[in-house]
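Heads up: the structure comes next, in structure tokens.
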Amino acid sequence: MRSIDAFLQARDQLIALRADHERAVREFRWPELDRFNWASDYFDAYAAGNDRVALRIVDEQGGDTQLTFAQLARRSSRIASFLRRQGARRGDRLLLMLPNVVPLWEAILACMKLGLVIVPSTTLLSTEDLRDRFERGRIRHVITDDDGADRLGAIPGDYTRIVVGPGVPGWTGYDAGSDAAPDAEAEPECHSTDPLLLYFTSGTTARPKLVLHTHQSYPVGHLSTMYWIGLREGDVHLNISSPGWAKHAWSNVFAPWTAGATVFVYNYLRFDAVRMLDIIARYQVTTLCAPPTVWRMLVGEDLTAFPVRLREAVSAGEPLNPEVIERVRRAWNLTVRDGYGQTETTAQIGNPPGQPVKDGSMGRPLPGYRVALLDPDGNETEEGEISLRLDPPPLGLMSGYLDDGYRTGSVFRSGYYRTGDVARRDEDGYITYVGRADDVFKSSDYRISPFELESVLVEHSRVAEAAVVPSPDPLRLSVPKAFVVLRGVEPSREVALDIFRFVRSRLSPFKRVRRLEFAGLPKTISGKIRRVELRSLESQRAGRGARAAHEYWEEDFPELRAPSAS
């Protein structure tokens, strides 16, 4: 069977079995692929003569841009020809750093067609973050906007520079690609296991891990995500996510377009819950995916005032509290369904449409994923580390961590892939998230590595030691809080302000420390900081609504007020 036929057969099987989860899990098998390029083999064929809207982008200034599947196929092929003429070749790595604008989707499809390896990058990255990506990602080409070009200007190197929007000296304008004639040269053949995406994701060390995905692991692996969301052909799908993060590829590219849905985007400078609800109702969005932070903002408004057309609503990124689910249910007679996955995988666990939902639970394993919970000795149990059986491995699983055999070996071992997350399973097979096995935590849907923040803090001349843990927050779930031991100075408001300013100048906005406490650090006998004690202390204080004597929050300093990234 041809690879494209195997892919379509798997897709159609999941669509047909959407209402029968037990049968879908029992019967579904990942397609066996050989030569396969989702953009060329699937998207272009689906788009031929297809004048339904594939991408619609509206903004708060009244802008409304719509492109059909056929238009996107043609435009992305022109951009592919343009990139080839700029010297891009199969296997080259291209850093893509754009906001939600049309060229972002065109470039993704064009890169896939050429066999380039895309390095998605959020527009929030600092110059130091970008420098790290260039060095370890071995970047050969860049597509960004004028703001990104300004930050990248400090990074030397012989790489192709392409800018979207206003011209920048020394950069080639992206618009030139719009007029490029389709290249007569055939697109390079692509094996399904060829590299496609390289994500930088925070770990327990100062430097992010490099997660490598292939032409099958994300484009085809997101069949599970399509199934979990419940997407159908003709849907208008809104996923509230920023480019550069894996969730954007999940729900703004592969899952909706595999189902034949419209990707709908609303661009704004600052999130406004009332405005977002109005957009969802006005543009008749049928399926919505949003992180818990957004859901908590939405339910703060009168949901009944907005006549939405939503059929499906899902949440991912962190556990969604039951009271939010209940508020949506009462207002819209609609259940927000949780799901779980990682940058390293597609959707592994979820509550698919039409299935009983247990509030607080992530759901059950999705088709194609066989989930085990392992204790520290590697035995399967009812509460333990979420792990995936590898006999055979699920198609939606990464190839590994690039150039890091140690890290790859630490998660692929003894016949399992280990996620680093802990959960428990009840008698009905429903899985509830417990927490991270290590110290990485999430804040406003962003993964935060304590070690990375601590490494910046100790660069301050007055900081002797530091430990960062999540501090409970009603809106963001948690925010980074630093426990700091000072050197040569007494705790004071002035010192706290100086440290806040210091870390702001060195960290991307989504990473910055938002709370600070001057205190000693609990340690093991070998001198290692016991963050587990600090996390427990912080949770207890939050429950009492108490603050320590020498604790300071960003909100305490009017002089720090500025537009927030999250």
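The values are calculated or read from the model by the stated rules, or taken from the named source; none is laboratory data. Everything numeric in this text was worked out from a predicted model, so none of it was measured. We place every Cβ from the backbone using ideal geometry, glycine too, and count neighbours over all the protein chains shown. To get the accessible areas, we keep the full protein, side chains included, count just its heavy atoms, and leave off ligands, DNA and RNA. Shrake-Rupley method; radii C 1.70, N 1.55, O 1.52, S 1.80 Å.
Numbers below:
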{"quantity": "Packing-based ranking, highest mean first, of 143-153, 439-449 given that Cβ atoms within 10 Å are counted", "calculated": "439-449, 143-153"}
{"quantity": "From phi via Karplus (6.51, -1.76, 1.60), per-residue ³J(HN,Hα) for segment 367-379 in Hz, x at Gly/Pro", "calculated": "x, x, 10, 10, 9, 10, 10, 10, 7, x, 8, x, 8"}
{"quantity": "Options (i) 41.3, 154; (ii) 24.3, 82; (iii) 23.4, 72 - which one matches Rg and Dmax of the Cα atoms in Å as calculated here", "calculated": "(iii)"}
{"quantity": "Segment 291-350, accessible surface, carbon-and-sulfur percent (1.4 angstrom probe)", "calculated": "47 percent"}
{"quantity": "Extension gain, W332 back to A154 (0.36 nm per residue minus Cα-Cα distance, nm)", "calculated": "59.1 nm"}
{"quantity": "Order by protection proxy (mean Cβ within 10 Å, highest first), peptides 245-256, 339-350, 289-300", "calculated": "339-350, 245-256, 289-300"}
{"quantity": "Rounded to the nearest 10 Å², the accessible area of E189 at probe 1.4 Å", "calculated": "120 Å²"}
{"quantity": "Integer Hz, Karplus 6.51/-1.76/1.60 couplings in order for segment 223-238, x for Gly and Pro", "calculated": "4, 5, 5, 4, 5, 4, 5, x, 6, 10, 4, x, 5, 10, 10, 10"}
{"quantity": "Accessible surface, per residue, of segment 15-122 when the full set of protein chains is kept, probe 1.4 Å, Å²", "calculated": "38 Å²"}
{"quantity": "3J(HN,Hα) from dihedral phi, segment 283-289, Karplus parametrisation 6.51/-1.76/1.60, rounded to Hz, x for glycine, proline", "calculated": "9, 6, 5, 9, 9, 10, 10"}
{"quantity": "Residues with amide H under 5 Å from that of L197, placed H, sequence gap 5 or more", "calculated": "I118, H213, T214"}
{"quantity": "Accessible area of H191 in the full protein assembly, 1.4 Å probe (Å², nearest 10)", "calculated": "50 Å²"}
{"quantity": "Fraction of accessible area attributable to carbon and sulfur, segment 442-566 (%, probe 1.4 Å)", "calculated": "52 percent"}
{"quantity": "Amide H partners (placed H, <5 Å) of I349, local residues excluded", "calculated": "Y340, L366"}
{"quantity": "Accessible surface, 1.4 Å probe, highest first, among residues V357, V463", "calculated": "V357, V463"}
{"quantity": "Residue-averaged 222 nm ellipticity for the chain, from DSSP H runs of 4+ at -39500 (n - 2.57), nearest 500", "calculated": "-8000 deg cm²/dmol"}
{"quantity": "Given charges at beta-carbon only (K, R positive; D, E negative), |dipole| of the chain in Debye", "calculated": "360 debye"}
{"quantity": "Estimated dipole of segment 396-504 in Debye, rounded to 20 [Cβ of Lys and Arg +1, of Asp and Glu -1, Cα centre]", "calculated": "80 debye"}
{"quantity": "Surface share of carbon and sulfur [accessible, 1.4 angstrom probe, percent] for segment 125-250", "calculated": "49 percent"}
{"quantity": "Under-5 Å amide H pairs with V434, H placed in peptide plane, nonlocal only", "calculated": "V422, A423, R424"}
{"quantity": "Mean separation of Cα contacts under 8 Å, 6 or more apart, over the residue count of the chain: relative contact order %", "calculated": "11 percent"}
